[in-house]
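One structure is given here, and the rest of the page talks about it.
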Amino acid sequence: MKEPLVSISCITYNHGPYIRRAMEGFLSQKTDFPFEILIHDDASTDDTQEILREYEARYPELIRPIYRKENQYSKGICNVSGAFNFPRARGKYIAMCEGDDYWTDDRKLQTQVSYMETHPECSMTFHSAKIISEGKTFVRREIRPYRESRQVPAEEVINKPYNYPTASLVFKAELGKQLPDWYHECPIGDVPVHIFMAAHGSVYYFDRPMSVYRLGAADSWTTSMLKGDEEARRNKNLKHLADLTRMYEAFDRDTEGRYHEAVAQALLREDFLTKLNLREFGAVLEPENRKYVRELPQPQRFLLDLEARCPALYEGLRQIYYKLRR
């Protein structure tokens with residue numbers, strides 16, 4: 001087999017209900033180049049490893065798995081992809097997709113890699129995504145950071161109103177193997193990748209939904225942030241904000257303040273989003289936060305105002321909504 005041009009990095013943990021969909025998305029890709037599939041299963045306790053072994057037996061030339069017996073995340077290794085998949089990537093590019101998300105466009109890899117091959121200055125590409133919700137909350141139906149395909153300046157990547165779908169990322173493997181300590185120490189793996197890539201090349205966005213983000217899947221980071229009583233959730237959100245603050249400040253130092261204003265604005269937005277997650281509506285609706293409220297999708301702004309002013313009505317409508325979805 002020829003050396004792969006792309007290494008697909010997939011991390012899994014208790015993704016038994018979802019992993020087949022992810023694997024089929026990888027295998028469906030129509031490309032004029034070879035690729036490999038790097039799997040890191042972090043000691044799943046369901047049937048994820050059993051399913052992955054089925055695929056490995058069918059496609060041994062494509063799939064390179066690691067099956068853990070001990071959970072690495074619980075041992076303090078926050079970014080498993082960067083610790084175990086990126087270093088062994090043989091491709092020129094790394095494409096990300098966690099085991100509970102999946103790709104929906106069989107030309108996704110070809111589209112992104114073709115652009116990067118003809119734009120060698122480009123360090124990362126990404127695209128929009130559809131959303132599937134597993135949880136009990138009102139959510140928007142898509143992650144669409146911009147309304148047209150275009151290059152995104154570094155300052156905008158650093159200080160962005162919306163996150164980028166992890167399953168949309170394709171970036172240079174050589175940079176993925178040079179990620180600094182502040183990446184490895186941050187419990188959120190995608191944001192450090194975004195800003196590091198933006199500081200080391202151009203970034204391009206495709207306004208085309210080529211993947212699905214699964215919100216609220218069991219054992220996901222998002223779900224874990226919502227578990228526990230009010231005090232536990234508050235502590236988790238405040239720790240998350242502190243972790244991101246340290247990461248942004250380390251990035252600011254590493255880049256010698258070149259993007260300092262964008263970093264400062266990003267931290268203000270993260271503080272707002274933390275207050276929003278904690279339902280601190282008095283602080284959220286303060287005048288200095290109006291610009292961040294305006295960034296929210298219109299339905300979310302309506303629901304925010306409804307929950308802040310009429311919480312009982314909001315909860316009643318939420319319950320009706322989920323009864324209709326069943």
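A short reminder: the numbers here are calculations on the coordinates, not readings from a lab. Bear in mind the structure is a predicted one, so any value in this text is a computation, not a measurement. Positions of Cβ are backbone-derived with ideal geometry, glycine not excepted, and every protein chain shown enters the neighbour counts.
Helix 260-277: angle to the longest alpha-carbon principal axis of the chain, degrees 0 to 90, nearest 10?
Between the helix axis and the principal axis of the chain, the angle is about 70 degrees.
Run lengths n ≥ 4 of DSSP H only: what is the helix-derived mean residue ellipticity at 222 nm for the chain, with -39500 (n - 2.57) per run over all residues, to the nearest 500?
My calculation for the chain gives -12500 deg cm²/dmol from helical runs alone.
Within region 274-305, which GluC sites (Glu not before Pro) sit in a loop by DSSP and count at most 16 neighbouring Cβ atoms inside 10 Å?
E280
Can you count the Lys pairs in region 221-325 whose Cα atoms are under 17 Å apart, with each pair 8 or more apart or on different chains?
For region 221-325, the number of qualifying lysine pairs is 5.
Using alpha-carbon positions, what is the distance between the centroids of region 88-136 and region 271-285, in Å?
If we compute the Cα centre of each part, the gap is 32 Å.
Throw me the Rg/Rh for region 19-164, computed over C-alpha atoms with Kirkwood Rh, two decimals.
0.96
Sequence neighbours fewer than 8 away in the same chain don't count; with that in mind, list the aspartates and glutamates whose C-alpha is under 14 Å from K172.
Here the aspartates and glutamates satisfying the reach criterion relative to K172 are E117, E121.
Over what distance in Å are the Cα centres of region 1-59 and region 229-247 separated?
Using only Cα atoms to place each centre, the spacing works out to 32 Å.
Packing-wise, with mean Cβ within 10 Å as the measure, how do 3-11, 143-151, 184-192 rank, highest first?
Highest to lowest by the protection proxy: 3-11, 184-192, 143-151.
How large is the dipole of region 50-130 about the Cα centre if only Lys and Arg carry +1 and Asp and Glu carry -1, each at its Cβ, rounded to the nearest 20 debye?
280 debye
Which residue, A129, A22, A57, tops the fluctuation ranking in a GNM of the chain built on C-alpha contacts under 10 Å?
Among A129, A22, A57, the largest GNM mean-square fluctuation belongs to A57.
How far is the Cα center of region 184-215 from the Cα center of region 139-164, in Å?
Using only Cα atoms to place each centre, the spacing works out to 10 Å.
Stretched out fully, how many nm does the piece from R246 to T111 gain, at 0.36 nm a residue minus the Cα gap?
So the extension gain works out to 45.1 nm.
Of the trypsin sites (Lys or Arg not before Pro) in region 1-98, which ones lie in a loop per DSSP and count no more than 12 other C-beta atoms within 10 Å?
Loop-located and lightly packed - K2, K30, K69.
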